[in-house]
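In what follows, a single structure is set out as structure tokens and then discussed.
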Amino acid sequence: MADNFSLNGREKILQAEFPEIKELKKRIQKIEVEVQKAKPEVRERIIKEEIKKYLQELQETPSFAPPTYTRDEAKEISKFPPSQQVGALISLVFEKGLKEAISVARQLQNPAILDEFHDTLIDRFYERLVKEKIIKPL
């Protein structure tokens, strides 16, 4: 599995765009031994748990008064039906970055949306790590 962690040109570009991928790669390298020993059906769960921990840490980072842009973005997203709010937040991750999207999600003050947003992010980051060959698909 160690050979899955070498960087190619695409991964370097991806990491420049998404520093979260670089951080997740480091975290996965730290648990690599545990992942290798696990049964295939458990590996995905272990990696997704690590992604979840990372997202929770980001969310718990104290933020001061959100910038006007964040408040405006949250106000716009809150007008969407709940079924579209998570999609809008996911789009925001790729437009403005993960920290900005988390800040907007917090401003919505809707625990159900925040929970669904986290679940969707975990799946998306896992898929991205597989796609970029940072981890092997199971």
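What follows draws every value from the coordinates through simple rules; no lab data is involved. Computed from a predicted structure; not experimentally measured. Here the Cβ is made from the backbone with ideal geometry for all residues, glycine too, and neighbour counts use every protein chain on show.
Counting other Cβ atoms within 10 Å as a rough exposure proxy, the listed residues Val42, Val93 run Val42, Val93 from fewest neighbours to most. Given R₀ = 30 Å, FRET efficiency for Glu95-Arg45 by Cβ-Cβ distance, to 0.05? Efficiency, from the Cβ-Cβ distance: 0.50. Ordering Phe18, Phe117, Phe94 from the fewest to the most neighbouring beta carbons within 10 Å gives Phe94, Phe18, Phe117.
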